[in-house]
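Structure record follows, encoded as structure tokens.
The values are calculated or read from the model by the stated rules, or taken from the named source; none is laboratory data. On a predicted model such as this, the values are computed, not experimentally measured, just so you know. Please note: Cβ atoms are built from the backbone with ideal geometry, for glycine as well, and neighbour counts cover all protein chains shown. Accessible surface areas use protein heavy atoms only, side chains included; no ligands, DNA or RNA. Shrake-Rupley method; radii C 1.70, N 1.55, O 1.52, S 1.80 Å.
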Amino acid sequence: MTTLGLAPAPELLDDAEKMSRDELTDLQNRRLADTVARCYKNVPHYRKAMDAAGIAPGDVTGLGQLAALPFTGKAEMRENYPFGLFAVPRHEVRRLHASSGTTGRPVIAGYTDADLDMWADVVARSLRAAGVRAGDLVHNAYGYGLFTGGLGLHDGAQRLGCTVVPVSGGMTARQVQLINDLAPDVICCTPTYLLTVLDGFADAGIDVRKASLRIAVLGAEPWTDAMRDDLEERAGLHALNIYGLTEVIGPGVGCECVETKDGITIWEDHFYPEIVDPVTGVPLPDGELGELVFTSLTKQAMPVLRYRTRDLTRLLPGTARPMRRIERISGRTDDMLIIRGVNVFPTQIEEIVVATPGLSPHFILELTRPARMDQLTIKVEASQGLSDPANRESVAGRLVHRIRDRIGVTATVTVVDPATLERSAGKLRRVYDLRQ
Ligand code: DLL
């Protein structure tokens, strides 16, 4: 069971974190009207899309008209590659980042000085929500470069008043040594890379629970509460969920609060969330599961109107802050596997693997189609100590049963030796679709 941490003192919070819902709505209305007007004036794509929908910029005076605006999707990002969605001249753009994207062109994101400033603020706010404080030493193992994780967390941690170790991802033995020698309070990385780092501690014969780490700020890929419990238990720290995406800003669109650990608080003064039906696009009421959509409220270089993230979650009322939360992301619409008609997300399998004694949390999913039938094979590493083939066989059988009972698919399970599956240095590739 996870334990909770201490809330930041009220005087540490940003004004926006303390606003009433009414004050927040008023701010969002004004910021939305301004964003729409700038998009219409400066971005040909938005002008065309709004003209086609019969909406004049003056028609949008606030959130009441949001649903009338057209969506923006990956396709529009690609069509306007590289700078077509910029709302300021290129020379006012101070930095570019790009999303990796699994296929085709990457998405380029641009930031003005004001955007970089806002980004550092929301990441600082995220870190503070996660329990990080000024003066803490932050080991930042998110990848530096075009990926937004490294520099995004870096600027935010500095803004909060932390000391940053910009180690980036990979070279795990060196990371273990640095954590051991420099005694950081905080590690920032993907959840699967933290697993790799924990293995590195075991390889070095160092007890990670005796290390200095107090908080892990984990995101950039889906993970489960079962994984959180496992990581917190094994590493002896608070593991918090940070969310974001390149198209909207990068990390820091929202973050979990350490005093509640109940989902991601969205920083709604800058990023307005909606949930829509992923098939019809119809907006859904708070509490219902659907696709997360964001409208930026303050971005200058690349504002986005109703950007469809493909991430599936639900909107929930605020708890630690008045701003709303999203539930942990269950998966992306494009990560959903359809196995003989049953919809399966890799996170559903993670939840069961992590809770099965005898197995490590390292696993991959392979899809094949022998005899024109979809076949799901789960390759999972045995935990240290489970070496007897008969025992492995029985653990594999248990996993097959649990997956059939809880998800309704029949999988083949292969339990492999520890440390044989590829390790993540950032976002892990979980699914290998070999059906073509
Ligand atoms: O992954 C930004 C980021 C960096 C977030 C570091 C958190 C920490 P992209 O590479 O554009 O940006 O990928 C964005 O990653 O749409 C989600 O599908 C997924 N994702 C990000 N954070 C989470 C999370 C960064 N906490 C895409 N839980 C998003 C689940 C996440 N999925």
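Before I look further, what does the chain give for accessible area per residue, probe 1.4 Å, in whole square angstrom? Write out the running numbers ahead of the final one.
On the way: 18040 Å² over 436 residues.
Computed with neighbouring chains in place, this is 41 Å² per residue.
Could you please state how large a percent of the accessible area of the chain is carbon and sulfur, counting protein chains only and using a 1.4 Å probe? Don't skip to the end; give the middle numbers.
Working: 9430 of 18040 Å².
After summing per-atom areas, the C and S share lands at 52 percent.
Using a ≥ b ≥ c from the Cα gyration tensor of region 285-339 (square roots of the eigenvalues), is it rounded, prolate or oblate, where a/c under 1.5 gives rounded and otherwise the larger of a/b and b/c decides, a/b for prolate?
On the way: a/c = 2.64, a/b = 1.18, b/c = 2.23.
Oblate shape, in that a/c is at least 1.5 and b/c is the bigger or equal ratio.
Name the shape class, rounded, prolate or oblate, that the alpha-carbon gyration tensor gives for region 1-330, where a ≥ b ≥ c are the square roots of its eigenvalues, rounded holds for a/c under 1.5, and otherwise prolate holds if a/b is larger than b/c and oblate otherwise.
Values: a/c = 1.92, a/b = 1.64, b/c = 1.17.
Since a/c reaches 1.5 and a/b is larger than b/c, the shape of region 1-330 is classed as prolate.
Along the Cα-to-Cβ line of Val342, 7 Å from the Cα, sits a label point; which residues in region 406-421 have backbone N less than 18 Å from it?
From region 406-421, the list is 406-414.
I'd like the Karplus ³J(HN,Hα) series for region 224-231: coefficients 6.51, -1.76, 1.60, θ = phi - 60°, whole numbers in Hz, and an x wherever there's a Gly or Pro.
With coefficients 6.51, -1.76 and 1.60, one gets 10, 4, 4, 5, 4, 4, 5, 5 Hz.
Pairs of alpha-carbon atoms within less than 8 angstrom and 6+ residues apart define the contacts here; what relative contact order does the chain have, in percent?
Details: 903 pairs, mean separation 62.8, N = 436.
Relative contact order, the chain: 14 percent.
Could the peptides 394-406, 303-315, 355-367 be put in order, highest first, of the mean number of other beta-carbon atoms found within 10 Å of their residues? Show your work: numbers first, answer last.
Numbers: 394-406: 15.5, 303-315: 21.8, 355-367: 19.1.
Highest-to-lowest ranking by the protection proxy: 303-315, 355-367, 394-406.
Cα gyration tensor of region 1-113, axes a ≥ b ≥ c as square roots of the eigenvalues: rounded (a/c below 1.5), prolate (a/b > b/c) or oblate? Write out the running numbers ahead of the final one.
On the way: a/c = 2.00, a/b = 1.32, b/c = 1.51.
Because a/c hits 1.5 or more and a/b fails to exceed b/c, region 1-113 counts as oblate.
Counting only residues 5 or more places away or on other chains, whose amide H sits under 5 Å from the amide H of Ala239 once H atoms are built in the peptide plane?
Correct list: Ala216.
Over region 337-433, what is the mean sequence separation of C-alpha contacts under 8 Å (at least six apart), divided by residue count, expressed as relative contact order in percent? Walk me through the intermediate numbers first.
Values: 146 pairs, mean separation 31.4, N = 97.
Rounded, it is 32 percent for region 337-433.
Restricting to region 1-330, compute how many DSSP beta bridges are antiparallel as a %, nearest 5. Working shown, then result.
Working: 27 of 43 bridges.
So the antiparallel bridges in region 1-330 amount to around 65 percent.
Rank by packing, highest mean first: peptides 380-391, 249-260, 142-153, 228-239, with packing defined as the count of other Cβ atoms within 10 Å averaged across residues.
Details: 380-391: 14.3, 249-260: 25.2, 142-153: 23.6, 228-239: 19.3.
Highest-to-lowest ranking by the protection proxy: 249-260, 142-153, 228-239, 380-391.
What order, most packed first, do the peptides 18-25, 80-87 have when packing is the mean number of other Cβ atoms within 10 Å of each residue? Write down the numbers at each step before the final one.
Details: 18-25: 13.5, 80-87: 17.9.
Descending packing order for the listed peptides: 80-87, 18-25.
Would you compute, from DSSP H runs of 4+ residues alone, the mean residue ellipticity of the chain at 222 nm, taking -39500 (n - 2.57) per run and dividing by the full residue count, rounded to the nearest 500?
Numbers: 10 runs with 130 residues, N = 436.
Result for the chain, helices only: -9500 deg cm²/dmol.
For Asn391 and Asp433, calculate 0.36 nm times their separation in residues minus their Cα-Cα distance, and state this gained length in nm to one decimal. Don't skip to the end; give the middle numbers.
Details: separation 42, 0.36 × 42 = 15.12 nm, distance 2.88 nm.
Length gained between Asn391 and Asp433: 12.2 nm.
In region 1-330, if the dipole is taken from +1 on Lys/Arg beta carbons and -1 on Asp/Glu beta carbons about the Cα centre, which of Gln28, Val208, Leu315 is farthest to the positive end?
Gln28
Lysine pairs in the chain with Cα distance under 24 Å, only those 8 or more apart or on different chains: how many are there?
Summing the qualifying lysine pairs gives 11.
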